[in-house]
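Remarks on the structure that follows.
Values in this text are rule-based calculations from the coordinates and carry no lab data. As the structure is a prediction and not an experimental result, all values here were calculated from the model. Don't worry about glycine lacking a Cβ; one is built from the backbone with ideal geometry, like all the others, and counts go over all protein chains shown.
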Amino acid sequence: MLDCFPDVDKISGVEFGARMITIDSKQIKLQIWDTAGQESFRSITRSYYRGAAGALLVYDITRRDTFNHLASWLEDARQHSNSNMVIMLIGNKSDLEARREVKKEEGEAFAREHGLIFMETSAKTAANVEEAFIDTAKEIYRKIQEGVFDINNEIRLSIFILQANGIKLGPQHSPSSPNSPGSNQALGGSSGCC
């Protein structure tokens, strides 16, 4: 997902991007940490969990093994992060229905069982990519309003993306809105990531 952000640092298997969005007339800065999801980077990425308000836990619907790793990654994230962190489970590559190995119902059941938000996306077509970030940010914002997260004035939200088994995300086609998360035009990037 972050391949379309201009300020991406590729250090130790973790990429960083930032994006401003508006929720309830408030400017919210999303700080997004995209982890490699590879076992070799696991101990490094644990340090990025601390202080994160949200996480996108991503698996590839065309690869059963990525779905099978979810419980381990979720346990790791919960063990090393804020207990109130918002976690969205994402089944990626929804554009490859003919190659699907993980049924949508399985993703929904896993999310329900673990108290996660669920959505399927396609990084290739950008389907639901923007919505994944917006929905996660809205849930975090709701928790801020309820006093679960203590943040003053400018809201800085840190979201990390766990990609089970090294899945790489990034829309090849930008959403139509130039100010949407993942939009290359809004961020000064070029199209065609991933």
Exercise for the section: Using a cut-off of 12 Å between beta-carbons, work out the net charge of the residues near H114 (Lys and Arg +1, Asp and Glu -1, H114 not included). Expected result: -1
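Tell me, R63, R99, R142 in order of fewest to most beta-carbon neighbours within 10 Å?
Details: R63 18, R99 11, R142 14.
Final ranking by Cβ density, sparse to dense: R99, R142, R63.
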Practice task
Please go through the residue pairs K26/K93; K103/K124; K103/K138; K29/K93 and name each one whose alpha carbons sit more than 24 Å apart in this structure.
Solution key: K26/K93; K103/K138; K29/K93
